[in-house]
Amino acid sequence: MNEVPQSTCLGMKGIPSASEAACVAREIEVLRYTGGRLHFAHISAQASIDLIRQAKAQGLNVTADATPHHLVLSDSEMTPYDTSFKMNPPLRSKKDVEAIEQALLDGVIDAIATDHAPHSKLDKSKPFDHAPFGIVGLETAFSLIFEKLVLSGKMPPPKFLALITTQPAKILGIPAPIIAPGARANIAMVDPELRWTFELADSFSKSKNSPFVSKQLKGKNLITIFNGKIVYLDKNHAKKRQPQVFASSAN
């Protein structure tokens, strides 16, 4: 968990935000010396964001992503010794959460990545210090970020969609998904108004290590089409609702 007074009181090993910022600073200096491009995955600390913001302002070729859980959860919401909240980097302070949100809004953080890390119930049942890092995130990612950024009125849908589609593709150097006649369909159909609750009984993942169990969410992916084939269909809601197709600004 994050290194805070609570971690000391609980006798738990803390991971300070300074350790992340120190690594970010080091890699930026290496990039400055060697040239090239540099991507930071799963940024969680305000100090790291400040360094990336400065590097971009100086013209360095730096990109970064953040996860849904680091945007919607802080260390104050962590249940002690609950390994469903154990991830790397750990949940940070509310100030760090606010910094991530602002960095997504102003473009310092370029993309959103789930950091989907499934683990068995046996592994996650180990004592906190011995349990593996990571949570499952694919099924809740859209709803968490959509509600936090779009439904709150802070970000328009096209920009949000770019963060989870065209921007990751650009960073990876692969063709961005497009919606056009003759192109293979790679489409997600969502209901932005649907209220639903994430329950383990309805989860498609074999792993159940999520801190969002029983959380009420708004906005849901109903159908996913990949390479022209339906690979996901929410049978509980798809026939009852009218899904909407969103296209990112890159299209």
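Among the residues of region 151-169, which ones are at negative phi and free of Cβ contacts under 8 Å to residues at least 60 places away in the same chain? Show your work before the answer.
Start the filter on region 151-169 by keeping residues that are at negative phi, which leaves 151-152, 154-169.
Across region 151-169, the qualifying residues are SER152, LYS154, MET155, PRO156, PHE160, LEU163, ILE164, GLN167, ALA169.
Across region 145-167, what is the number of residues that are buried (at least 22 other Cβ atoms within 10 Å of the Cβ) and in contact with a strand residue (DSSP E or B) (Cβ under 7 Å, 6 or more places away or on another chain)?
Of the residues in region 145-167, 4 are buried (at least 22 other Cβ atoms within 10 Å of the Cβ) and in contact with a strand residue (DSSP E or B) (Cβ under 7 Å, 6 or more places away or on another chain).
Which of the following residues is within 15 Å of the chain's Cα centre (by Cα) and of a type in the set (Asp, Glu): ASP82, ASP75, ASP129, ASP115?
After ruling out the rest, the residue left standing is ASP115.
Scan region 162-180 for residues that are part of a loop (DSSP other than H, G, I, E, B) and either of a type in the set (A, V, I, L, M, F, W, C) or within 17 Å of ALA41 (Cα to Cα) (or both) and report the count.
Taking region 162-180 first, the residues part of a loop (DSSP other than H, G, I, E, B) are 165, 173-180.
Now narrow it down to the ones that are either of a type in the set (A, V, I, L, M, F, W, C) or within 17 Å of ALA41 (Cα to Cα) (or both): 165, 173-174, 176, 178-180.
Counting residues in region 162-180 that are part of a loop (DSSP other than H, G, I, E, B) and either of a type in the set (A, V, I, L, M, F, W, C) or within 17 Å of ALA41 (Cα to Cα) (or both) gives 7.
Inside region 58-95, can you point out the residues that are surrounded by fewer than 21 Cβ atoms within 10 Å (Cβ to Cβ), small (Gly, Ala, Ser) and under 20 Å from LEU138 (Cα atoms)?
SER74, SER84
Of the conditions (1) hydroxyl-bearing (Ser, Thr, Tyr); (2) more than 21 Å from GLU20 (Cα to Cα); (3) surrounded by 20 or more Cβ atoms within 10 Å (Cβ to Cβ), THR114 satisfies every one except a single condition; which number is it?
Single failed check for THR114: (2).
Return yes or no: is GLU98 in contact with a Lys or Arg (Cβ under 6 Å, 6 or more places away or on another chain), surrounded by fewer than 18 Cβ atoms within 10 Å (Cβ to Cβ), among the acidic types (Asp, Glu) and in a helix (DSSP H, G or I)? Before you say what the answer is, go through the steps one by one.
On the way: in contact with a Lys or Arg (Cβ under 6 Å, 6 or more places away or on another chain): no; surrounded by fewer than 18 Cβ atoms within 10 Å (Cβ to Cβ): yes; among the acidic types (Asp, Glu): yes; in a helix (DSSP H, G or I): yes.
Spelling it out, it is not the case that GLU98 is in contact with a Lys or Arg (Cβ under 6 Å, 6 or more places away or on another chain), surrounded by fewer than 18 Cβ atoms within 10 Å (Cβ to Cβ), among the acidic types (Asp, Glu) and in a helix (DSSP H, G or I).
Being in contact with a strand residue (DSSP E or B) (Cβ under 7 Å, 6 or more places away or on another chain) and crowded, with 17+ Cβ neighbours inside 10 Å is the filter here; which residues of region 199-218 pass it?
Of everything in region 199-218, those that are in contact with a strand residue (DSSP E or B) (Cβ under 7 Å, 6 or more places away or on another chain) and crowded, with 17+ Cβ neighbours inside 10 Å turn out to be ASN209, SER210, PRO211, LEU217.
Could you figure out which of (1) in contact with a Ser or Thr (Cβ under 6 Å, 6 or more places away or on another chain); (2) exposed (fewer than 14 other Cβ atoms within 10 Å of the Cβ); (3) in contact (Cβ under 8 Å) with a residue 40 or more places away in the chain isn't true of VAL231?
Failing condition for VAL231: (3).
Test of understanding: among THR34, THR79, which residue is modelled with pLDDT of 95 or more and hydroxyl-bearing (Ser, Thr, Tyr)?
On the way: THR79 fails: modelled with pLDDT of 95 or more.
Of the residues listed, the single one that is modelled with pLDDT of 95 or more and hydroxyl-bearing (Ser, Thr, Tyr) is THR34.
Name every residue in region 12-47 that is closer than 24 Å to GLY137 by Cβ and acidic (Asp, Glu), in order of residue number.
GLU20
Considering PHE142, PHE133, which residue is closer than 22 Å to GLY219 by Cβ and either among the polar types (S, T, N, Q) or touching a Lys or Arg at 6+ places or on another chain (Cβ under 9 Å) (or both)?
Details: PHE133 fails: closer than 22 Å to GLY219 by Cβ.
One residue alone meets the criteria, PHE142.
Check LYS159, LYS218 and return the single one that is outside any strand (DSSP E or B) and either among the charged types (D, E, K, R) or closer than 30 Å to ALA131 by Cα (or both).
Values: LYS218 fails: outside any strand (DSSP E or B).
One residue alone meets the criteria, LYS159.
The values are calculated or read from the model by the stated rules, or taken from the named source; none is laboratory data. Predicted model, so just to flag it, every value in this text is computed and none were measured. So basically every Cβ, Gly included, is an ideal-geometry build from the backbone, and we count neighbours across all protein chains shown.
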